[in-house]
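What follows draws every value from the coordinates through simple rules; no lab data is involved. Here the structure is a predicted model, which is why all the values come from computation and not from measurement. Positions of Cβ are backbone-derived with ideal geometry, glycine not excepted, and every protein chain shown enters the neighbour counts.
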Amino acid sequence: MAADRRVVLDVEGLRMRYGATDVLHDVTFQAHHGEVLALLGPNGAGKSTTIEILEGFRMRSAGRVEVLGTDPAHGGEEWRARLGVVLQSWRDHGKWRVRELLAHLGSYYTCYSTDAIPRPWDTDDLVRTVGLAEHADKKIRMLSGGQRRRLDVAIAIVGRPEVLFLDEPTTGFDPEARREFHDLVRRLADELETTVLLTTHDLDEAEKLADRIVILSQGRIVADGTAVELSRRIAGEDHVRWTRDGQRFTHSTAESTEFVHNLFKQHGAEIRELEVHRASLEDTYMALVRRAESGQDSATESTWKEATR
């Protein structure tokens with residue numbers, strides 16, 4: 001994540017109501033310059049609604065929202081030129097070739113060029129950045145699913161956006177295509193300092209990509225932090241297992257590294273079959289969602305913040 005800590009996405013008390021049904025309840029979070037923020041949650045948690053409000057595609061019922069210092073509900077063309085959006089599915093551009101489509105779309109951003117941000121990308125630089133250099137002259141219908149998703153990203157970043165929205169970007173990807181896409185997103189954040197807001201059902205994807213994770217359940221934030229923070233704060237202790245003199249031992253501790261160090265210091269070569277099980281993001285996610293859905297906690301952001309001070 002970039003050292004620049006400017007707030008790029010600022011959401012406070014966001015509410016969304018459809019008829020008599022509230023789908024978002026006082027949602028509050030921030031994202032900073034160059035940060036990858038993942039929104040996690042089960043179906044119906046409010047992820048897509050949140051991201052559509054931030055993109056300016058949907059009007060909120062209440063609350064304050066700013067993206068790049070602008071209320072999305074009133075964002076004009078110049079503001080929209082600073083955003084990139086990758087939706088869950090692509091439009092079929094059919095007979096276009098990769099390079100010619102990107103050059104055509106890039107021409108729309110010429111009027112938004114500044115000394116600080118020269119728009120658009122050079123087309124050849126762009127196809128190299130997204131890993132499509134070898135396919136630049138292919139017709140789009142000839143691309144694989146992973147290649148088409150890279151093209152979706154190229155279309156989204158052709159205007160050099162400061163914020164990139166990714167809604168379920170790797171649905172249907174095979175493992176190799178998913179790994180390549182993850183590398184691309186990290187490059188955008190690390191090298192180009194693009195702020196990325198990602199919605200996903202893939203916990204492994206969130207753990208690999210995100211600097212920070214926000215978990216939504218039933219329209220409320222139930223957790224906000226890094227994957228390590230969430231695992232430690234919710235799941236609590238690690239479990240250390242080992243064998244010594246033919247006996248099997250198990251010990252639970254919040255400081256497994258220190259415990260293992262002391263264990264070897266005391267018993268050294270006598271230790272066999274050492275295992276350390278740390279709570280995974282999946283363990284944490286399932287515990288939080290079950291807790292929220294069962295009503296064991298009020299499952300509000302204020303509850304989460306109070307519990308993790």
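Some values worked out for this structure:
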item	result
The stretch 132-282 - share of DSSP beta bridges that are antiparallel (%, nearest 5)	75
√(5λ) per eigenvalue of the Cα gyration tensor, the stretch 36-145, largest first, Å	30, 20, 12
Per residue convex hull volume, Cα atoms of the chain, in Å³	171
Average projected area [Cα convex hull, the stretch 237-278], square nanometres	2.5
Segments 213-220, 5-12, 191-198, 124-131 sorted - mean Cβ within 10 Å per residue, highest first	213-220, 191-198, 124-131, 5-12
Shape metrics for the stretch 132-266, restricted to C-alpha atoms - Rg then Dmax, Å	21.0, 66
Value at 222 nm in deg cm²/dmol, rounded to 500, when DSSP H runs of n ≥ 4 in the chain each add -39,500 (n - 2.57)	-9500 deg cm²/dmol
Estimated dipole of the chain in Debye, rounded to 20 [Cβ of Lys and Arg +1, of Asp and Glu -1, Cα centre]	580
Residues E193 and R58, FRET efficiency given R0 of 30 Å [Cβ-Cβ distance, rounded to 0.05]	0.65
Where labels lie 7 Å past Cα in the beta-carbon direction, separation of W79 and D174 in nm	4.3
Separation of the Q30 and D71 label points, Cα + 7 Å toward Cβ, nm	2.1
Selection from H93, G75, A20 lying farthest towards where the dipole of the stretch 8-148 points positive, charges on Cβ	H93
